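Each value in this text was obtained by applying a stated rule to the coordinates, not by laboratory testing. Predicted, not measured: the structure shown is a model, and the values here were computed from it. Backbone-built Cβ (ideal geometry, glycine too); neighbour counts: all protein chains shown.
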Amino acid sequence: MIAFVNRTGFERAILTLGCAFAAACSAACAPHVPEPPTSMPGKPYISWVIMSGDSDNPDEDFVCQSDPLSDCVVPASRADARVFSDVHIYYHGAGAETRYVGTMHIGFFQGSPSAAKTQVDIAVKKNGSITNQSVAGIVTSTPGSYTIDFDQLATVDANKGQPIQDQIKVTVK
């Protein structure tokens, strides 16, 4: 907390402006949660954002997002410069409690295919709008076409589940 005690009017103004600027930058730099314009109330869905960077900040560069959808192109890791990527997944609620269970496989991460597979068991609380999950990893050094595969079942208020199967195409260059 910044203390305003024993500060001149000018010093208080500078501190206030500095704090406001920092808050604005933080809000502007945070990933935006994409929502499809055609989402139907009461229907569960996922959205996502892919970022890339280095080990200090895998969220440094925006790559792509689910809406508006654009080409997803991530730089390949090199021996002298590993590239990290952070995949942000947003699980949207459907009014009642919504549970997403299944797997997500991130194919462009370095390592074995089984290491790139993530088990998902996420609940969005009743009247909650969103719950997020982020998975970071090192991007492969092999250029080519890869995918992120979602194979999940979304259950709303313990009723019959709705399959959530999606595939994101990612190019590593």
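Worth a mention:
- Approximate spin-label separation residue 82-residue 131, in nm, with each point projected 7 Å along Cα-to-Cβ: 3.0 nm
- Net charge, residue 165 excluded, C-beta distance under 11 Å - Lys, Arg +1, Asp, Glu -1: -3
- Backbone amide hydrogens, once placed in the peptide plane, bring residue 45 within less than 5 Å of 92, excluding anything fewer than 5 places away on its chain.
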